[in-house]
Amino acid sequence: MRKSIRIGLILSLLFIGTELVRGWGFFAHQRINRLAAFTLPEEMLGFYKEHIVFLTEHAVDPDARRYAVKGEACRHYIDLDIYGDSAIYTMPHKWEDAKALYTEDTLKEYGIVPWHIETMRKRLVYAFRSKNPYKILKVSAEIGHYIADSNVPLHTTENYNGQMTNQKGIHGFWESRLPELFAEDYDFFVDKAEYVNDPVERAWANVKTAHLAMDSVLFLERELNAKTSPDKKYSFEERNKQTVKVYSKEYSAKYHKLMKGMVERQMRASIKMVADFWYTCWVDAGQPNLDEIKNYEFDEELKKQIKEERNFWKNRTVKSREHN
Ligand SMILES: [Zn+2]
């Protein structure tokens, strides 16, 4: 009797634990957008700095509406291995070509992150052209999210949570737990934002780097797990007044060491790419004068609308897979 209650409790704790850790994790997404802003040129810096709170808070919107908005889920990943072992070399980079080869339904089923970055890029150019401050900020925050996701190795595989190799939980472990524990020691200094000549190819280049790192992410954890007793692998921590089961600090440190700086590298690559894309969109829009809209304030109506939208996301769930 007691034992079954205990097991039930542990299972519910584990559930809470995995629920809390999703996406790069709130912490990493917010940090990436924030740091990207500070690499922008003078002409953009004032506006982005003025609205840094919005840019960081809304970095996680795409995950917040992940379960509420149909069609949102597939924008965060691409299961490249579905298309064969060498898909990273053979997948057409242009949406129209990929669609002709695999159909839109199939592409959406297995994720569209590199193509969605291109959609968002066009939206951001348009927002800059219209000089609409709210749209610039909203699309900037959200393209930052998708770019960051595309740099996460486990966002490029069907085995996104280690569910096919008995490593369930590794998704949150790699992209949330590790940055939360170790990002304080990372060097986030990246070069100034640079113009991207071919954004489609740049998106694919970053996806490729992430995808090629994916085998190590899975393999090295499997090896470490084989050498570790279960009571050393997990521990319990207090989060929001709840006890959650987490990968222990000791286990996390060992895994982090095996990654040889990969989490840091991928976070830096995210920051650089976000900044480069923001800058490129601004240039392509004809370098609008952002100082003229720098002191823009959200009116009450818009604030209300944003709040209502967030509540809607929270309270609605459409059927979709867990991958984010
Ligand atoms: Zn995401």
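The values are calculated or read from the model by the stated rules, or taken from the named source; none is laboratory data. Everything numeric here is computed off the predicted structure, so don't read it as measured data. Cβ coordinates were reconstructed from backbone atoms using ideal geometry, including for glycine residues, and neighbour counts include every protein chain displayed.
So that you can scan it fast, the table gives a plain yes or no per residue for (1) over 23 Å from V53 (Cα atoms); (2) surrounded by fewer than 20 Cβ atoms within 10 Å (Cβ to Cβ):
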residue: M267; (1), (2): no, no
residue: K307; (1), (2): no, yes
residue: W313; (1), (2): no, yes
residue: T317; (1), (2): yes, yes
Q) Out of the stretch 65-105, which residues are basic (K, R) and surrounded by 20 or more Cβ atoms within 10 Å (Cβ to Cβ)? A) R66, R75
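Just one of D149, D105 is part of a helix (DSSP H, G or I), within 16 Å of the ligand (Cβ to nearest atom) and farther than 30 Å from D299 by Cβ; which is it?
Details: D105 fails: within 16 Å of the ligand (Cβ to nearest atom).
Result of the check over D149, D105: D149.
Per-residue answers, yes or no, for (1) within 16 Å of the ligand (Cβ to nearest atom); (2) at pLDDT below 95; (3) under 16 Å from the mean Cα position of the chain (by Cα); (4) among the small types (G, A, S):
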site	(1), (2), (3), (4)
E118	no, no, yes, no
V125	no, no, no, no
F128	no, no, no, no
V139	yes, no, yes, no
E142	yes, no, yes, no
H145	yes, no, yes, no
T156	yes, no, yes, no
Y160	yes, no, yes, no
Q163	no, no, no, no
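Counting residues that are under 25 Å from the mean Cα position of the chain (by Cα) and without any contact (Cβ under 8 Å) to a residue 12 or more places away in the chain, which helices (runs of 4 or more DSSP H) fully inside the stretch 194-304 reach at least 1? Spell out how you get there, then give the answer.
Details: elements: 199-226, 230-233, 249-258, 262-284.
Counting at least 1 such residues, we get 199-226, 249-258, 262-284.
With the condition kept exactly as written, say whether any residue in the stretch 174-183 is surrounded by fewer than 20 Cβ atoms within 10 Å (Cβ to Cβ) and without any contact (Cβ under 8 Å) to a residue 60 or more places away in the chain.
Checking the stretch 174-183: not a single residue is surrounded by fewer than 20 Cβ atoms within 10 Å (Cβ to Cβ) and without any contact (Cβ under 8 Å) to a residue 60 or more places away in the chain.
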Q.
Could you go through the stretch 52-64 and let me know if any residue there is surrounded by 20 or more Cβ atoms within 10 Å (Cβ to Cβ), within 16 Å of the ligand (Cβ to nearest atom) and closer than 22 Å to E104 by Cβ.
A. yes
